[in-house]
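J.: Would you mind keeping the following structure in view while I ask a few things?
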Amino acid sequence: MEQFINAIPKAELHIHIEGSLEPELMFAIAARNGVELPYRSVEEVRRAYEFTNLQSFLDIYYAGARVLQREDDFYDLAWAYFERARAQNVRHAEIFFDPQTHTGRGVPFSAVINGLHRAVTDARVRLGISARLILCFLRHLSADAVMVTLREALPYRERIVAVGLDSSEVGHPPEKFAAVFDTARQEGFLTVAHAGEEGPPEYIRQALDLLGAARIDHGVRCLEDPALVARLVAEEVPLTVCPLSNVKLRVFSNMAQHNLKQLLEAGLVVTVNSDDPAYFGGYVSENYLAAAQALHLDRATLVRLAENSFRAAFLPEDEKSVLLAELAAVADKFS
Ligand code: ADE
Ligand code: ZN
């Protein structure tokens, strides 16, 4: 099973690049930037990764991101992710980045985007991974602050495929950002949004109706609202589900309780992703594996999840067809 999961070509559509900062790299970058960490060792960092909800994670995640200051830091961060992704046969990755986490500390937007973009280019040339960047706005900040960040991004328009919405969900509904997302769409960005992770199904509706979201990140709470599920199915709105994240942040008490199988059975376009792999115990293959083992998913279901990942990607149809054909060929070899 492990071998099969690793071998099948897949896309990853929900990965926060700051959430791929492994403790070893955190220490290395902290040392070269002269940043003091509140931890003495890599082991101590890992021991601190016990979370009770989304906010308890975000506090530690934003603290870890403080080491990132220079363009090379962002390059090294993204490159480390791409190498791991390649080892798991990720052929396409759509990567969130949180510029406000950095510009709020005085790091120039240009350092963030130039470092990430250089890694995206190298990933294509050296690893054969196609990658796109998705700029995520921090929803705990004001709509005015978010609009400033959107304007900062406009000169880099060609390097960013979409904008998204992340951070503390409850109390920060999508409607707060309707005007910013209108502007983003007028500027030609696609849109996605985290919704229905901790927040109610109503936030998923708002993400669709007010933000024009082409995909919903997480979205697992949609099952509480059958009419919403019917709509998501009819409109084929993909959900980027992150099983290990949901268990670590206690959206579900354990993997056997995860609703991934019900989501699939409802006819939703479900994809499996890692969210913040350095914090949640695994990259995309570990997410497939943990779900497969706890929920007894068969190979056909795993192939379906990988197919969905390509179908839901922001890629031209001809590129999707090539990747789907590769997936079918690899899956065939195992049967
Ligand atoms: N930022 C990084 N990971 C996140 C998550 N799972 N939910 C909301 N914001 C995030
Ligand atoms: Zn996320």
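J.: What distance in nm separates the simple spin-label points at Asp332 and Gln3, each placed 7 Å from Cα in the Cβ direction?
T.: 2.0
J.: Now for a different question. Highest mean first, how do 159-167, 316-324 rank when packing is the count of other Cβ atoms within 10 Å averaged over residues?
T.: The densest-packed peptide leads the list: 159-167, 316-324.
J.: Let me ask something else about it. Summarise the accessible area of the range 2-333 (1.4 Å probe, protein heavy atoms) by the percent that is carbon and sulfur.
T.: 50
J.: Right, another one. I need the peptides 7-19, 110-122 ranked by packing, meaning the mean over residues of other C-beta atoms within 10 angstrom, with the highest value on top.
T.: 7-19, 110-122
J.: Averaging sequence separations of C-alpha pairs under 8 Å and six or more residues apart, then dividing by the length of the chain, give the relative contact order as a whole percent.
T.: For the chain, the relative contact order is 21 percent.
J.: Could you give the Stokes-Einstein D for the range 2-333 in µm² per second, using the C-alpha Kirkwood radius, 20 °C, 1.002 mPa s?
T.: Stokes-Einstein gives a translational diffusion coefficient of 108 µm²/s.
J.: Set the Förster radius R0 to 35 Å, insert the Cβ-Cβ distance between Glu265 and Tyr62 as r into 1/(1 + (r/R0)^6), and round the FRET efficiency to 0.05.
T.: After rounding to 0.05, the efficiency reads 0.45.
J.: Got a sec? Charge dipole of the range 180-335, +1 on Cβ for Lys and Arg, -1 for Asp and Glu; which of Gly282, Pro200, Leu324 is way out at the positive end?
T.: With unit charges placed on the Cβ atoms, the residue in question is Gly282.
J.: Accessible area per residue for the range 2-333 in Å², computed with a 1.4 Å probe and the full protein assembly in place, what is it?
T.: 38
J.: Pull up the cross-link candidates among the lysines for Lys320, meaning alpha carbon to alpha carbon under 18 Å and not fewer than 8 places away within one chain.
T.: Lys10
J.: Sticking with this one: How about the range 132-175: which GluC sites (Glu not before Pro) there lie in a loop by DSSP and see at most 14 other Cβ atoms within 10 Å?
T.: Here no loop site has a sparse enough neighbourhood.
J.: Hey, can you grab everything whose amide H is under 5 Å from the amide H of Ser168? Only 5+ residues off in sequence or another chain; H modelled, so Pro and N-termini drop out.
T.: For Ser168, the qualifying residues are Arg139, His140.
J.: Build a GNM of the chain with springs between Cα atoms under 10 Å: which of Arg151, Arg46, Arg32 gets the top mean-square fluctuation?
T.: Arg32
J.: Heavy atoms only, probe 1.4 angstrom, no DNA, RNA or ligands counted: give me Tyr62, Tyr288 ranked by accessible area, highest first.
T.: Largest accessible area first, the residues go Tyr62, Tyr288.
J.: Mind ordering 200-212, 135-147, 272-284 by average Cβ neighbours within 10 Å, highest first?
T.: 272-284, 200-212, 135-147
The values are calculated or read from the model by the stated rules, or taken from the named source; none is laboratory data. In this text, all values refer to a predicted model and were calculated from it rather than measured experimentally. Glycine gets a Cβ as well: all are built from the backbone with ideal geometry, and neighbour counts include every protein chain shown. Ligands, DNA and RNA are excluded from the accessible area calculation, which covers all protein heavy atoms including side chains. Shrake-Rupley method; radii C 1.70, N 1.55, O 1.52, S 1.80 Å.
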